[in-house]
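What follows is a single structure, written as structure tokens, with notes after it.
The values are calculated or read from the model by the stated rules, or taken from the named source; none is laboratory data. Only a predicted model underlies this, so the values are computations on that prediction, with no experimental measurement involved. Heads up, the Cβs are rebuilt from the backbone with ideal geometry, glycines too, and the neighbour counts pull from every protein chain shown. Just the protein is used for accessible areas: all its heavy atoms, side chains included, with ligands, DNA and RNA removed. Shrake-Rupley method; radii C 1.70, N 1.55, O 1.52, S 1.80 Å.
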Amino acid sequence: MNQFGEGDQAKVCLDIMHKTGAHLELSMAKDQGLSIMVSGKHDAVMKARKEIVSRLQTQASATVAIPKEHHRFVIGKSGEKLQELELKTATKIQIPRPEDPSNLIKISGTKEGLEKAKHEILLISAEQANSYTVSSVSAPSWLHRFIIGKKGQNLAKITQQMPKVHIEFTEGEDKITLEGPTKDVQIVQGQIEAIVTDLISRMDYTEISVDPKFHRHLIGKGGANINRIKELHKVSVRIPPDNEKSNLIRIEGDPQGVQEAKKELLELASRMENERTKDMIIEQRFHRAIIGQKGEKVKEIRDKFPEVIINFPDPAQKSDIVQLRGPRTEVEKCTKFMQKMVAEMVENSFSVSVPIFKQFHKNIIGKGGANIKKIREETNTKIDLPAENSNSEMIIITGKKANCEAAKNRILAIQKELANITEVEVSIPSKLHNSLIGSKGRFVRSIMEECGGVHIHFPTEGSGIDAVTIRGTAEEVEKAKKQLLSLAEEKQIKSHTVELRAKPEYHKFLIGKGGGNIRKVRDSTGARIIFPTADDKDQELITVIGTEEAVAEAQKELEALIKSLDNVVEDFMIVDPKHHRFFVARRGQVLRDIADEYGGVIVSFPRTATQSDKVTLKGAKDCVEAAKKRMLEMIEDLDAQVTMECVIPQKFHRSIMGPKGSRIQQITKDHNVQIKFPDRDDQEIRAGTLSYYNNALSTFAIKIMPKTVKEPADPLVPKKCDVIVLSGRKERCEAAVEALKALVPVSVAVEVPFELHRYIIGQKGSGIRKMMDEFEVNIQVPAHELQSDIISITGLASHLDRAKEGLLERVKELQAEQEDRALRSFKLTITVEPKYHPKIIGRKGAIITQIRNEHEVNIQFPEKNDENQDQITITGYEQNAVAARDAIQAIVDELEEMISEDITLDSKVHARIIGARGKGIRKIMDEFKVDVRFPQSGAADPNLVTVTGRPEHVDEAIDHLLNLEEEYVRTCYTLAPDMSSSEEFPSFGAPVTNARSSPWGPKRF
């Protein structure tokens, strides 16, 4: 191709060959023009020809005007005709879009191609002009959708008959455009004109103006209001969406229905214009209670006042304003109702805290929560107990004030019954209460701790009440009372407070053993000294309160003591090396105890290898002296120490040790002795009886003897595994031996009828476990196969009497329950015809449930497959069963007096009489005390209605129903187009007139 010297043209030709698949041959003509030979498949050649003309020949353009409705015929189906024209004429043809009003078609290409394309387009237009017609039918735009029908059903009937006719509806225009073959267009035009004429004669529309702010209220929740109006009046109502901001509502349908719907909508709008909005102030804490779980309670309020809209604020806003909107009178009624509800909630939200000693909480709860449940039910209060792992002793009672007080008294009575608890009231001027309580309750807490944990309750601040309540054991209450009165007297005379600081490690030394040191200061000065508790942030702060003179004197003594403690000295003492191990054993536990008790004094023992007897003490002078004195007492005890043996069979050792060794720990602490248990003999353990305790052994103050060789065969010689060794002063060891022997469990047999054993054991052993925990014993029930009546109780002698008494008490309860169960098992039957059974049961079982609850009986109706279908069985106490039978018989007697009458009611009014969700018919049945049954779908006579009741009631109900039928038929029924084809729109294609009367609106199947 380069021989022509036209490099660009050659490139264009190569590109066309690649794109179309055609073969191109180029040659130079005599007139120096370029000749191109195209060969290949027909489609490829045509495409290549078009490309060559458009890219290599000089281009021209022209326009041709044809009627707009002919453009689609130039385009053809899916644009095929247009593509064919472009290939045939080697031109580019541009047709304006449907929404463009222009009728000009633009053609681009060679001059020859332009003329050819123009000719073809005009030819197509001419063909259509001879056989194609565009016509229009005048039809109000509001009727268009009725002509089209639901989902285009009505229009589809026409287009199926005349598929070549194109029918176009333009929104907002009162005409319908028809395009197609002249003959077909004329037929379709006639059909549509007939439909329009019929619709205009039978239908009407109107527009009403309603403020857009009321539109959503007219629509109702979920469209309930507007759907009811549509269904009732058989009309279509168009309410503009919010974004249109239009106040025009359009109603279309039967003329009478349109007028009735218009009247009702205007009445609703007028009522809304007269509505009132009211803000109620309700504390936010009550909002959730008013709304209820899943909105159940607020739904009840809305059902009671359906015209009132209730809006609660978002919880995040923390607002107390609840908004009510609706008719003035209804809003006022709803406001009063809600105010009453809130008043009840306020009354029921009274709360009182009752301090109950922690050890008695389980007794307050009772077995399986029986006690607390009973108190809650009988006093109608909410009672909350602190968690088991909580340090709080407060039980909180919520409800009405009187009920809370009743519950409080009952709980306090339980505590008083369990322990020697007394309660006194002390009159202290209310102005002194805050100073007696102290910062964060420090002063009153120190009194409570010092007086054995008594409870001191001050009245609410600002109440003006002087009475202060003290509760606890009689002795401790009296002690606390004296201290409070003394402190109050000091405060009244002249209260003075001073704060001192001392290192926390000095506090124990300042307080002294059993509070001895601080008591001396208090007695000598008359001032009260308060040390920080473990919960206080400032652990160095010591507070002194009292008269100015007493505080000054106590301050002087304490400062002298603290100063002496700050004076660190170093001293030493001689301790025989044989006693060193005692002090440093168990990681220096004894030395740590000395340091804690004596102001953090440091005691250093020499290393074992040095064999030195010199022990160094370092700390405050007074602390060192006191610690040295204590250590000398300990050494004296060690020198006077004896070893004593106590023989107790090994099978009892674990029970003696107690849970985690707690009992042994207590004996070693109380008697200041060491106790060594022997190593276990596994064979002996297997041969003997296994202990009933399952707790691990603590290492505190317990040493295990090393394994011995063989046990002596002599029966008079105690076995090594039974010998417990005690070390300490003789008198202390003897007391400890007695304490150990008192811990040896003993057994007692109790006769309990075999048939009660399973009830004593309880579900999964819960009953017997509870008794064992409560009485701290082991209760062994014989195996079932033994059929034995003997139950064995094993435990401490001091616990056995209580356990036995408790077990026998439980037996009495079970026997009483058995007797009661036998009495409750009385059965009788009553014969009642099956047709009366549903009436005795009542709607959702309401009647039979009432009889069951009222007489506390069980009533069993026959199953479907039972032989005796007329037998009703009643089970319960004999007198209750007889009373329940009489109640059922009374219902049957009443039912037998009833009659049933059939009446004919037009089936078209059944739905109106029944009402939404059956409200209408229920009202009638309640008012006339009758039962009304409507025919089921598909019944032989759809108009047959049965009325059952007493003769006089049946006659009244029938008259009322017939009056309703006459009223509904007169006001709601008239002639209308056939509705069989759709839910919302009339259908066409059937005769326009219909002889029978039918409601205007969708036909329900």
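For the stretch 865-886, which positions are without any contact (Cβ under 8 Å) to a residue 40 or more places away in the chain and crowded, with 17+ Cβ neighbours inside 10 Å? Asn880, Ala883, Ala884 - these are the residues of the stretch 865-886 that are without any contact (Cβ under 8 Å) to a residue 40 or more places away in the chain and crowded, with 17+ Cβ neighbours inside 10 Å.
So how many residues does the stretch 176-222 have that are without any contact (Cβ under 8 Å) to a residue 40 or more places away in the chain and β-branched (Val, Ile, Thr)? Qualifying residue count, the stretch 176-222: 4. When residues in the stretch 630-649 are screened for being within 18 Å of Val725 (Cα to Cα) and open to solvent by less than 10 Å² (accessible area, probe 1.4 Å), 2 of them pass. Of the residues Arg654, Arg686, Arg680, the single one that is open to solvent by 40 Å² or more (accessible area, probe 1.4 Å), at pLDDT 70 or above and outside any loop (DSSP other than H, G, I, E, B) is Arg654.
Kindly provide the set of residues from the stretch 564-603 that are under 14 Å from Ala626 (Cβ atoms), touching a residue at least 12 places away in the same chain (Cβ under 8 Å), acidic (Asp, Glu) and assigned to a helix (DSSP H, G or I), ordered by number. The answer is Asp596, Glu597. Across the stretch 531-556, the qualifying residues are those that are open to solvent by less than 30 Å² (accessible area, probe 1.4 Å) and modelled with pLDDT of 80 or more, and the one among them that is nearest to Gly441 (Cα to Cα) is Thr543.
Being assigned to a helix (DSSP H, G or I), open to solvent by 40 Å² or more (accessible area, probe 1.4 Å) and of a type in the set (A, V, I, L, M, F, W, C) holds for only one residue in Ala609, Ala627, and it is Ala609. Within the stretch 766-780, residues that are farther than 14 Å from Lys804 by Cβ sit with their Cβ atoms under 8 Å from residues that are surrounded by fewer than 16 Cβ atoms within 10 Å (Cβ to Cβ) and basic (Lys, Arg), at 6+ positions apart or across chains, in these pairs: Lys770/Lys367.
If you go through the stretch 719-745 one residue at a time, how many are within 17 Å of Val673 (Cα to Cα), part of a helix (DSSP H, G or I) and in contact (Cβ under 8 Å) with a residue 40 or more places away in the chain? Even if it seems obvious, please write down each step before you answer.
Kept after step one, since they are within 17 Å of Val673 (Cα to Cα), are these residues of the stretch 719-745: 723-743.
Imposing the further condition that a residue be part of a helix (DSSP H, G or I) reduces the set to 730-742.
Restricting the remaining residues to those that are in contact (Cβ under 8 Å) with a residue 40 or more places away in the chain gives 730, 732-737, 739-742.
Number satisfying all stated conditions: 11.
Close Cβ contacts (under 8 Å, 6 or more residues apart or on different chains) running from residues in the stretch 135-154 that are more than 13 Å from Val196 (Cβ to Cβ) to residues that are acidic (Asp, Glu) and open to solvent by 50 Å² or more (accessible area, probe 1.4 Å) comprise Lys150/Glu983; Lys150/Glu984. Look at the stretch 465-479: where a residue is in a loop (DSSP other than H, G, I, E, B) and a partner is β-branched (Val, Ile, Thr) and open to solvent by less than 50 Å² (accessible area, probe 1.4 Å), sitting 6+ places away or on another chain with Cβ atoms under 8 Å, you get Asp466/Ile428.
The single condition among (1) outside any helix (DSSP H, G or I); (2) open to solvent by less than 50 Å² (accessible area, probe 1.4 Å) that Asn389 does not meet is (2). Every test in (1) under 29 Å from Lys804 (Cα atoms); (2) at pLDDT 65 or above; (3) out of contact with any Cys (no Cβ under 8 Å at 6 or more places or on another chain); (4) surrounded by fewer than 19 Cβ atoms within 10 Å (Cβ to Cβ) is passed by Lys669 save one, and that test is (1).
Does Pro327 satisfy the criteria of being surrounded by 16 or more Cβ atoms within 10 Å (Cβ to Cβ), in contact (Cβ under 8 Å) with a residue 24 or more places away in the chain, over 28 Å from the mean Cα position of the chain (by Cα) and more than 19 Å from Thr277 (Cβ to Cβ)? Lay out the reasoning, then the answer.
Details: surrounded by 16 or more Cβ atoms within 10 Å (Cβ to Cβ): yes; in contact (Cβ under 8 Å) with a residue 24 or more places away in the chain: yes; over 28 Å from the mean Cα position of the chain (by Cα): yes; more than 19 Å from Thr277 (Cβ to Cβ): no.
Against the criterion (surrounded by 16 or more Cβ atoms within 10 Å (Cβ to Cβ), in contact (Cβ under 8 Å) with a residue 24 or more places away in the chain, over 28 Å from the mean Cα position of the chain (by Cα) and more than 19 Å from Thr277 (Cβ to Cβ)), Pro327 does not qualify.
Taken over the stretch 115-147, residues that are outside any helix (DSSP H, G or I), farther than 27 Å from Arg250 by Cα and open to solvent by 50 Å² or more (accessible area, probe 1.4 Å) amount to 1.
Scan the stretch 630-651 for residues that are part of a loop (DSSP other than H, G, I, E, B) and either small (Gly, Ala, Ser) or closer than 30 Å to Gly600 by Cα (or both) and jot them down.
First, pick out the residues of the stretch 630-651 that are part of a loop (DSSP other than H, G, I, E, B): 640-641, 648-649.
If the condition is that a residue be part of a loop (DSSP other than H, G, I, E, B) and either small (Gly, Ala, Ser) or closer than 30 Å to Gly600 by Cα (or both), then Ala640, Gln641 are the ones that fit.
Scanning the stretch 105-114 for residues that are part of a strand (DSSP E or B) and open to solvent by less than 30 Å² (accessible area, probe 1.4 Å) yields Ile105, Ile107, Gly109. Against the criterion of being over 21 Å from Ala402 (Cα atoms), surrounded by 12 or more Cβ atoms within 10 Å (Cβ to Cβ) and at pLDDT below 85, Lys333 does not qualify. The residues of the stretch 526-563 that are of a type in the set (Lys, Arg) and more than 17 Å from Leu436 (Cβ to Cβ), listed by number, are Lys537, Lys556, Lys563.
I'm told His837 meets every condition in (1) surrounded by fewer than 15 Cβ atoms within 10 Å (Cβ to Cβ); (2) free of Cβ contacts under 8 Å to residues at least 40 places away in the same chain; (3) within 43 Å of the chain's Cα centre (by Cα) except one. Can you identify the failing condition by its number? For His837, the exception is condition (1). Residues in the stretch 305-334 that are part of a helix (DSSP H, G or I) and under 21 Å from Lys221 (Cβ atoms): 4 in all. With respect to (1) surrounded by 13 or more Cβ atoms within 10 Å (Cβ to Cβ); (2) under 37 Å from the mean Cα position of the chain (by Cα), the lone exception for Lys844 is condition (1).
Test of understanding: among Ala940, Ala995, which residue is at pLDDT 85 or above, open to solvent by 90 Å² or more (accessible area, probe 1.4 Å) and part of a loop (DSSP other than H, G, I, E, B)?
Numbers: Ala995 fails: at pLDDT 85 or above.
The match here is Ala940.
Checking the stretch 83-104 against the condition returns no match, with no residue being modelled with pLDDT under 80, out of contact with any strand residue (DSSP E or B) (no Cβ under 7 Å at 6 or more places or on another chain) and surrounded by 12 or more Cβ atoms within 10 Å (Cβ to Cβ).
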